[in-house]
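Asker: The structure follows.
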Amino acid sequence: MFYDLHIHGNHKLALQAQKMGYCGVALVLNSKDYKDKSALIQDVKTAKSHFYHDTNFQIRVGLEIQAKNPADLKKQVQKFRDNVDVILVHGGDLKINRAATEDPRIDILNHPYRSRYDGGINHVLAVKAAENKVSMEINLKYFLLTRPTQRYRVLSQFRQIVKLHRKYNFPIVITSDADSIYDLRHPNDVISLASCFGMTNDEAITSLSSTPQNILTRNDIRERTVLPGVRLINNGG
């Protein structure tokens, strides 16, 4: 049960992901381009029509928020949270990283290490991410498109994330950030690649399976959640 919750593009990428062995994807729109999501919704409907024979394959709508500052981030989360299935935040700026880890409405903090020399989070942010179940993203595209001479730095950043994950138990997701079929990777290849930045097979499998599945499940019941651990149920259970 593998998922990729960060894919750009159309239903053709979803089809290709299914052929590679994924059971669900999130087609992600950038918040700067978000005016009317009808085109993306239509593309999701088109994609689902190709999976009429496989009702278990999930296609969700995601939104990547690019915020100017923490106040802008909070405003955008408030605006978009109920309109999409997955909320991702464009990370890298330390103030944005901190604000994202403190907000339980956010699902994934994308590349917190972007344009940095460290992992983008410290033990304080790691604790907050664990408390609020905000997943840290291991972005394969960021790694693969980095110049070979700089890949050691990226591997070091990934290892910092994994080390903090083991100590503080915040969730990790591995994504392709794909916008073409050439960016997609087979789950087995991803699991093998994850060993390069210190993840065990079990950790890599969890980041591709149960962690993204938990994100989708949590958001499916979000409207009925009153308090953490408390949710409304209908008469039918």
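The values are calculated or read from the model by the stated rules, or taken from the named source; none is laboratory data. Because the structure is predicted, anything quoted here is derived from the model rather than measured. Because the Cβ atoms are built from the backbone with ideal geometry, glycine has one as well, and the counts that use them run over all protein chains shown. Only protein heavy atoms, including side chains, enter the accessible area calculation; ligands, DNA and RNA are left aside. Shrake-Rupley method; radii C 1.70, N 1.55, O 1.52, S 1.80 Å.
Asker: Mind telling me which of the residues 177, 183 ends up being in contact with a Ser or Thr (Cβ under 7 Å, 6 or more places away or on another chain), among the acidic types (Asp, Glu) and closer than 27 Å to residue 13 by Cβ?
Answerer: Working: 177 fails: in contact with a Ser or Thr (Cβ under 7 Å, 6 or more places away or on another chain).
Being in contact with a Ser or Thr (Cβ under 7 Å, 6 or more places away or on another chain), among the acidic types (Asp, Glu) and closer than 27 Å to residue 13 by Cβ holds for just one of 177, 183, which is 183.
Asker: Counting only residues that are at pLDDT below 90 and hydroxyl-bearing (Ser, Thr, Tyr), which one in region 20-39 is least open to solvent (accessible area, probe 1.4 Å)?
Answerer: So, considering only residues that are at pLDDT below 90 and hydroxyl-bearing (Ser, Thr, Tyr), the one least open to solvent (accessible area, probe 1.4 Å) is 31.
Asker: With the structure loaded, tell me whether residue 164 is modelled with pLDDT under 95, under 19 Å from the mean Cα position of the chain (by Cα) and among the hydrophobic types (A, V, I, L, M, F, W, C) or whether it fails that test.
Answerer: no
Asker: Hey, another quick one. Identify the single condition in (1) of a type in the set (Asp, Glu); (2) assigned to a strand (DSSP E or B); (3) at pLDDT below 95 that residue 4 does not satisfy, given that it satisfies every other one.
Answerer: (3)
Listed here are the residues, each with its yes/no results for (1) of a type outside the set (S, T, N, Q); (2) touching a strand residue (DSSP E or B) at 6+ places or on another chain (Cβ under 7 Å); (3) under 26 Å from residue 218 (Cα atoms).
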{"site": "124", "(1), (2), (3)": "yes, no, yes"}
{"site": "146", "(1), (2), (3)": "no, no, no"}
{"site": "159", "(1), (2), (3)": "yes, no, no"}
{"site": "166", "(1), (2), (3)": "yes, no, yes"}
{"site": "175", "(1), (2), (3)": "no, yes, yes"}
{"site": "190", "(1), (2), (3)": "yes, yes, yes"}
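Asker: Please enumerate the residues belonging to region 93-121 that are outside any helix (DSSP H, G or I), open to solvent by 10 Å² or more (accessible area, probe 1.4 Å) and under 21 Å from residue 146 (Cβ atoms).
Answerer: Answer for region 93-121, where residues must be outside any helix (DSSP H, G or I), open to solvent by 10 Å² or more (accessible area, probe 1.4 Å) and under 21 Å from residue 146 (Cβ atoms): 93, 114, 115, 116, 117, 118, 121.
Asker: Kindly list, by first and then second residue, each pair from a residue in region 136-165 that is touching a residue at least 60 places away in the same chain (Cβ under 8 Å) and closer than 19 Å to residue 184 by Cα to a residue that is surrounded by fewer than 22 Cβ atoms within 10 Å (Cβ to Cβ) and not charged (D, E, K, R), limited to pairs with Cβ atoms under 8 Å and residues at least 6 apart or on different chains.
Answerer: Once the first residue is touching a residue at least 60 places away in the same chain (Cβ under 8 Å) and closer than 19 Å to residue 184 by Cα and sits in region 136-165, its partners that are surrounded by fewer than 22 Cβ atoms within 10 Å (Cβ to Cβ) and not charged (D, E, K, R) give 138/197.
Asker: Taking the conditions exactly as written (open to solvent by 40 Å² or more (accessible area, probe 1.4 Å), assigned to a helix (DSSP H, G or I) and over 23 Å from residue 22 (Cα atoms)), does residue 160 satisfy them or not?
Answerer: Judged against the criteria, residue 160 is a match.
Asker: For region 52-65, name all the residues that are surrounded by fewer than 16 Cβ atoms within 10 Å (Cβ to Cβ) and either acidic (Asp, Glu) or touching a residue at least 24 places away in the same chain (Cβ under 8 Å) (or both). Full working, then the answer.
Answerer: At the first step, the residues of region 52-65 found to be surrounded by fewer than 16 Cβ atoms within 10 Å (Cβ to Cβ) are 52-56.
Across region 52-65, the qualifying residues are 54, 56.
Asker: Right, something else. Hey, could you check region 122-147 for residues that are surrounded by fewer than 24 Cβ atoms within 10 Å (Cβ to Cβ) and charged (D, E, K, R) and say which is farthest from the chain's Cα centre (by Cα)?
Answerer: Among those residues, the one meeting the criterion is 147.
Asker: Assuming residue 192 fulfils every condition listed in (1) polar (S, T, N, Q); (2) at pLDDT 95 or above; (3) at positive phi apart from one, which condition is it?
Answerer: Result: residue 192 passes all but (3).
Asker: Could you list, ordered by first residue, the pairs with Cβ atoms under 8 Å in which the first is in region 79-104 and on the phi > 0 side of the Ramachandran plot and the second is of a type outside the set (S, T, N, Q) and open to solvent by 20 Å² or more (accessible area, probe 1.4 Å), at least 6 apart or interchain?
Answerer: Every condition considered, the pairs that remain are 92/114; 92/116.
Asker: A follow-up question, please. Just wondering, is there one or more residues in region 181-200 that are open to solvent by 60 Å² or more (accessible area, probe 1.4 Å), without any contact (Cβ under 8 Å) to a residue 12 or more places away in the chain and not in a helix (DSSP H, G or I)?
Answerer: yes
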